[in-house]
Amino acid sequence: MSSIQTPTPSVASTETLLSSLASQPATTIESDRDSKYLTSEWYTGNGVIEAAGDNRAFKVTATYTLEAEVKLVKGVFNVNNPVLAEVYRHRGRCVAVVDQTVDELYGDQLRQYFEYYEIPLEAKVLRAWEADKTPETVYEILGFLGKDGCDVSRNEPVLVVGGGVLSDVAGLACALQHRRTPYVMVGTTVVAAIDAGPSPRTCTNGKQFKNSIGAYHPPVLTLVDRGFFRTLDVGHIRNGMAEIIKMAITDDPILFDLMEAHGLQLLETHFATLNADAELEKIADEVIYRALYSYMKHEGTNMFETYQDRPHSYGHTWSPRFEPAVKMMHGHAVTTGMAFGATLAVTMGWLDAAERDRIVNLCCSLGLTVYHPILEDLDLMVEGQKNMQRKRGSGGLWAALPKGEIGSCDYAREISRETLTAAVSQHKAYCAAFPNSGAGQQMYLKDLGLE
Ligand SMILES: NC(=O)c1ccc[n+]([C@@H]2O[C@H](COP(=O)([O-])OP(=O)(O)OC[C@H]3O[C@@H](n4cnc5c(N)ncnc54)[C@H](O)[C@@H]3O)[C@@H](O)[C@H]2O)c1
């Protein structure tokens, strides 16, 4: 009988093993990855691991890089415009989430477009009112995108077509699906075109606060086509203008001049989509481009809000608390916050009264709200300010306020209750001279049946 002799492995003693481990030097490992393993066309990342050499701790520094494009286009669903087809043709299908009203108005064009290019379209149509901006709506979209629905790949851009509500909730669903699924945004309202659409802030409303639950996840491509504004209710055009004026006041004086000179015409012609001449069309394109550029200049360089110097937060310090309390349209709440902020800046010596007058006059001339009695609820205002400070961190409130000339701003670190109270009463007295004491036109949310 033969026996097989297996060689006895030479087993290092525990003592030797431990001493060799303990002698590991401090190391830094940087990633050097092969692009063939990339999971996405738009996202990359890198990491560095630093081990101190004591076998007790190491530090990780990781960076995440994304690419996002914003394009002004004409006739996005016109078959002569291949931009969308070029995104989807080689993917074999397009998975889309579409606002119900937009589908009623543009659904046929959307379907014909994809039929023309022989790209199968899987579309989910849903109501996206402010009242629908809830976690339940996000779950509903996730159900469509997920395995039991379309089973989208994490490298397949979902097409989102609608206003700011849909861009926020569908964007958040994309952020959650596979932890990160890209999306292409076609913003069909002014707000979605120049602000919410290309924004990295996807969200749903929380119980007490607007937009409080979300993720930073910008679309990989935003297509801005002002042709959609033709069918928008004039109240929504006005509402969107608030976000344009916000960027004009804080960042772009030429945009402010353009809005002073042509704002009313742009409102009446739905951004030169109704009864407008070529010159007004050019102005409309310029206004939209400038507003977008100004916004993205600050947003695109601070995609994850790792810095608090954000001009586009002007008008958004107190409004997140009072906007849901009085159920105002977002743009009206923001202009109320901006107009009040301008008066506050005057009381703080940051702004000349003449500049404040230009700001308030422009908003008023377009029918935007510059005063609402909710400002007099000082407990709510102070509470809102506290909430905002908690959100923005212990470093300060960092309330964006105009400073110097129109086109520039600064950030107030602290605003005492006394300063706030004095500014509210000054603003109330100042606005009393305006038509309807500063109340705007169609200022309340219609979808809640308040007007
Ligand atoms: N994420 C951000 O950075 C950011 C920035 C600004 C605003 N927002 C959010 O955006 C929301 C407001 O967006 P909104 O003003 O686009 O409102 P919205 O999405 O509610 O759209 C307004 C209405 O217009 C309809 N509609 C959309 N496109 C249309 C078209 N072309 N023709 C006719 N009707 C059309 C919609 O069905 C809706 O009834 C708010 O919830 C706000 O918080 C987010």
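Laboratory data are not the source of any read-out in this text; all were calculated from the coordinates shown. What you see is a predicted model; the values in this text were computed from it and never measured. Cβ atoms come from the backbone with ideal geometry, glycine included; neighbour counts cover every protein chain shown.
What the table below lists for this structure:
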item: Rounded Å value of the spacing that divides the Cα centres of region 276-313 and region 346-360; result: 23 Å
item: Extreme residue, positive dipole direction of the chain, given options ASN275, ASN80, THR137 (C-beta unit charges); result: THR137
item: Counted charge near GLY395, where neighbours are those whose Cβ lies closer than 12 Å (Asp, Glu -1; Lys, Arg +1); result: +2
item: Cβ-based net charge around LYS74, under 11 Å, with every Lys or Arg adding one and every Asp or Glu removing one; result: -1
item: Calculated [θ] (222 nm, deg cm²/dmol) that DSSP helices of n ≥ 4 give over the chain, each run adding -39,500 (n - 2.57); result: -13000 deg cm²/dmol
item: Share, in percent, of DSSP beta bridges within region 69-232 that are antiparallel, nearest 5; result: 15 percent
item: Beta bridges per DSSP with both ends in the chain, % antiparallel, nearest 5; result: 50 percent
item: Filter on LYS74/LYS297; LYS210/LYS246; LYS36/LYS74 - keep pairs with C-alpha separation over 29 Å; result: LYS36/LYS74
item: Inter-part distance where region 205-261 and region 83-98 are each reduced to a Cα centre, Å; result: 26 Å
item: Tilt relative to the chain, helix 378-392 - C-alpha long axis, 0 to 90 degrees, to 10; result: 30 degrees
item: Cα-based helix-to-principal-axis angle, 253-268 vs the chain, degrees rounded to 10; result: 70 degrees
